Amino acid sequence: VECSSVAEALVAAGAGADIVLLDNLDPQELHEAAAQVKATHPGVTVEASGGIVLETLPQFLGPHIDVVSMGCLTHSAPALDFALRV
């Protein structure tokens with residue numbers, strides 16, 4: 001379940017979500033929310049997403065974060081122009 005606040009994440013985890021995706025939170029908010037989710041629902045997988053790029057990735061890693069999604073790997077990839085002549 002995609003959540004944009006700790007309150008949403010706790011409701012989703014309490015309702016039985018297997019994975020809680022914390023989206024577009026700054027690193028401090030993210031870690032606080034993840035810690036609260038894990039404290040009350042230790043079996044829930046916590047995923048960080050939203051605005052994470054290779055340069056800022058270390059800020060989003062932590063003991064309560066299980067998965068990190070980075071859209072920049074696909075939407076910011078450079079294009080390759082090529083042709084094939086047979």
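Observations on the structure shown:
- ASP66 meets each of the listed conditions (1) touching a Ser or Thr at 6+ places or on another chain (Cβ under 6 Å); (2) modelled with pLDDT under 95; (3) charged (D, E, K, R) apart from (2).
- Restricting ALA48, ALA34 to residues that are over 16 Å from GLY71 (Cα atoms) and not β-branched (Val, Ile, Thr) narrows the list to ALA34.
- ALA35 vs. criteria exposed (fewer than 13 other Cβ atoms within 10 Å of the Cβ), part of a helix (DSSP H, G or I), free of Cβ contacts under 8 Å to residues at least 40 places away in the same chain and among the small types (Gly, Ala, Ser): no
- Screening VAL1, VAL67, VAL53, VAL44 for residues that are of a type in the set (Val, Ile, Thr) and out of contact with any helix residue (DSSP H, G or I) (no Cβ under 9 Å at 6 or more places or on another chain) leaves exactly one candidate, VAL67.
- The residue list LEU22, LEU30 contains one member that is in a helix (DSSP H, G or I), in contact with a Leu (Cβ under 6 Å, 6 or more places away or on another chain) and of a type outside the set (Gly, Ala, Ser), which is LEU30.
The values are calculated or read from the model by the stated rules, or taken from the named source; none is laboratory data. Not measured: the values here are computed from a predicted model. Every residue, glycine as well, gets a Cβ built from its backbone with ideal geometry; the counts of neighbours run over all protein chains shown.
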